[in-house]
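Novice: The following block contains the structure, expressed as structure tokens.
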Amino acid sequence: MNMDMKTAVITGVNGQDGSYLSELLLAKGYRVVGLKRRTSTINTGRIDHLMPNPNFVMRYYDLHDASCINRTFDEFRPDEVYNLAAQSHVAVSFELPEYTSDGICRGTLNLLEAVRRVSPSHECRYYQASSSEMYGDSLPTEETGFNEKSPLCPVSPYAVAKVYAHHMTQTYRKAYGIHASCGILFNHESPRRGETFVTRKITMAAAKIRHGLQKELRLGNLDARRDWGHAKDYVEAMWLMLQQPKGDDYIVATGQTHSIREFLDEVFAYADLGDWKQYVRFDARFLRANEVPFLLGDSTKARQTLGWRPKYDMRKLAQSMYRSDQAMIASAQVAY
Ligand code: NAP
Ligand code: G4F
């Protein structure tokens with residue numbers, strides 16, 4: 001190994017963001033130590049293409065097991081740690097509140113303690129995956145949307161746990177001088193987005209309907225509004241945060257908000273399927289005990305301090321996700 005090479009540890013490496021961040025860091029000449037949990041079936045589809053790279057190393061890990069973190073940190077002495085692992089589905093967190101909270105809260109605390117232990121003179125930098133879900137059912141007081149000072153009003157077990165992890169990261173920064181940053185990321189999607197999140201559920205359904213493989217799409221609340229960006233843009237902001245002289249908190253968002261209806265309009269028009277109302281059926285199973293009705297982020301601080309800019313808006317994002325799903329379904333049909 002080249003001694004000048006930086007080492008980054010990424011938890012949740014096989015998730016959507018973990019895969020894009022790994023690509024970014026490998027391209028920048030990092031050694032990437034990717035941590036993933038053991039599953040009974042193989043779920044490395046998003047990172048299989050990185051496996052042959054000698055600078056990409058994988059280790060098993062679980063949010064609920066501190067010993068693996070300590071072993072990994074002792075072995076690799078990371079320069080940067082990106083904490084991306086989480087049970088990240090908000091609706092599921094109502095069904096699995098203890099599991100979701102325990103993983104996010106204890107998992108974050110274990111990592112912060114490990115950073116403090118292996119890096120007493122603060123060389124190791126830490127990134128916390130905070131979320132716009134923390135704003136909950138409040139509305140922004142400014143027209144430009146939520147900013148870093150807006151109050152946090154979480155309304156799901158997932159969001160409450162993310163608030164704990166967010167405050168704990170700030171506490172370790174203040175108390176111990178750790179270079180720790182919280183990225184308050186608004187919804188970000190991509191062709192690699194999990195298929196149970198609403199955007200990907202819609203683009204996959206449109207592609208299947210186009211190919212005659214699906215007849216209807218069952219959805220819950222279509223009135224919620226989200227500030228949707230592309231995950232590839234957002235992982236760049238994560239890296240930029242850790243290149244600053246000090247740790248801090250930053251909103252990462254496009255500054256535009258759209259309803260689920262508007263996302264449906266965009267995808268079904270692009271797929272040339274006509275009016276989506278022909279296919280979409282309301283299904284109360286997809287409603288949540290509490291809903292976050294409105295998200296819009298003001299990323300002025302990230303734009304000014306980090307020089308970060310999103311390249312994708314909702315329209316470009318929706319079209320790229322549909323194109324990718326359409327191509328995947330078409331090639332699967334050829335294979336049959
Ligand atoms: P994702 O695709 O759901 O990936 C989550 C990763 O965490 C997966 O690798 C998953 O492994 C892993 N994980 C889950 N439970 C685990 C456990 N007990 N032990 C170890 N690993 C575990 O999420 P993402 O969209 O990439 O998001 C990355 C992070 O940003 C998450 O913390 C999420 O909460 C946060 N965030 C996301 C968004 C967004 O819009 N995408 C916005 C704000 C914040 P499996 O593949 O085995 O499940
Ligand atoms: O796509 P979603 O499941 O994303 P949600 O709940 O906004 O959470 C995502 O973004 C957060 C950042 O704000 C992350 F922290 C979190 O990890 C995750 O990545 O749902 C978006 C909206 C909701 O209002 C939901 O009620 O879509 C609505 N929706 C309507 N029908 C649906 C459905 N959501 C899903 N998943 N499935 C439906 O059938």
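Novice: Relative contact order (percent) for segment 31-87, with alpha-carbon contacts under 8 angstrom and 6 or more residues of separation?
Specialist: Result for segment 31-87 is 37 percent.
Novice: Strictly over 23 Å apart at the Cα level, which of Lys174/Lys311; Lys232/Lys301; Lys36/Lys316; Lys149/Lys174; Lys28/Lys201 would you flag in this model?
Specialist: Among Lys174/Lys311; Lys232/Lys301; Lys36/Lys316; Lys149/Lys174; Lys28/Lys201, the Cα-Cα distance tops 23 Å for Lys174/Lys311; Lys36/Lys316; Lys28/Lys201.
Novice: Let me ask something additional. Based on the alpha-carbon gyration tensor of segment 22-80 and its eigenvalue square roots a ≥ b ≥ c, which shape applies: rounded if a/c is under 1.5, prolate if not and a/b is larger than b/c, or oblate?
Specialist: It comes out oblate by the Cα gyration axes.
Novice: Right, next: Name the GluC sites (Glu not before Pro) in segment 207-268 that are in a loop by DSSP and that have at most 15 other C-beta atoms within 10 Å, would you?
Specialist: Glu216
Novice: Sticking with this structure for a sec: Which shape class, rounded, prolate or oblate, goes with segment 19-128 when its Cα gyration tensor gives a ≥ b ≥ c as root eigenvalues, a/c under 1.5 marks rounded, and past that a/b bigger than b/c marks prolate?
Specialist: Judged from the Cα gyration tensor, segment 19-128 comes out oblate (a/c at least 1.5, b/c at or above a/b).
Novice: Given the -39500 (n - 2.57) contribution per DSSP H run of 4+ residues, what per-residue ellipticity at 222 nm results for the chain, rounded to the nearest 500 deg cm²/dmol?
Specialist: So the helix-based figure for the chain works out to -12500 deg cm²/dmol.
Novice: By how many nm would the segment from Met51 to Ala269 lengthen if fully extended, with 0.36 nm per residue of separation less the alpha-carbon distance?
Specialist: Contour length minus the Cα-Cα distance gives 74.7 nm.
Novice: Going by Cα centres, segment 108-159 and segment 30-51 are how many Å apart?
Specialist: Cα centroid of segment 108-159 versus Cα centroid of segment 30-51: 25 Å apart.
Novice: May I pose another question? Restricting to DSSP loop positions (anything but H, G, I, E, B) with no more than 13 other Cβ atoms inside 10 Å of their own Cβ, which trypsin sites (Lys or Arg not before Pro) remain in segment 174-222?
Specialist: Lys215
Novice: What percent do you get for the relative contact order of the chain when only Cα pairs under 8 Å and 6+ apart count?
Specialist: Result for the chain is 17 percent.
Novice: Looking at segment 48-153, which GluC sites (Glu not before Pro) are DSSP coil and have at most 10 other C-beta atoms within 10 Å of their C-beta?
Specialist: Here the GluC sites (Glu not before Pro) that fit, given the DSSP loop and packing criteria, are Glu143.
Novice: Hey, how many Å between the Cα centroid of segment 181-218 and the Cα centroid of segment 262-336?
Specialist: The distance from the Cα centre of segment 181-218 to that of segment 262-336 comes to 6 Å.
Novice: First measure r as the distance between the Cβ atoms of Met3 and Glu148, then evaluate 1/(1 + (r/R0)^6) with R0 = 41 Å and state the FRET efficiency to the nearest 0.05.
Specialist: Working from the Cβ atoms, E equals 0.65.
Novice: Another one. At 7 Å along the Cα-to-beta-carbon direction for both Asn43 and His64, put a label point, then send me their distance in nm to one decimal.
Specialist: Label-label distance for Asn43 and His64, simple model: 1.4 nm.
Read-outs: derived from the displayed coordinates by stated rules, not from any lab. What you see is a predicted model; the values in this text were computed from it and never measured. Positions of Cβ are generated from backbone atoms using ideal geometry, with glycine treated the same way; all protein chains shown enter the neighbour counts.
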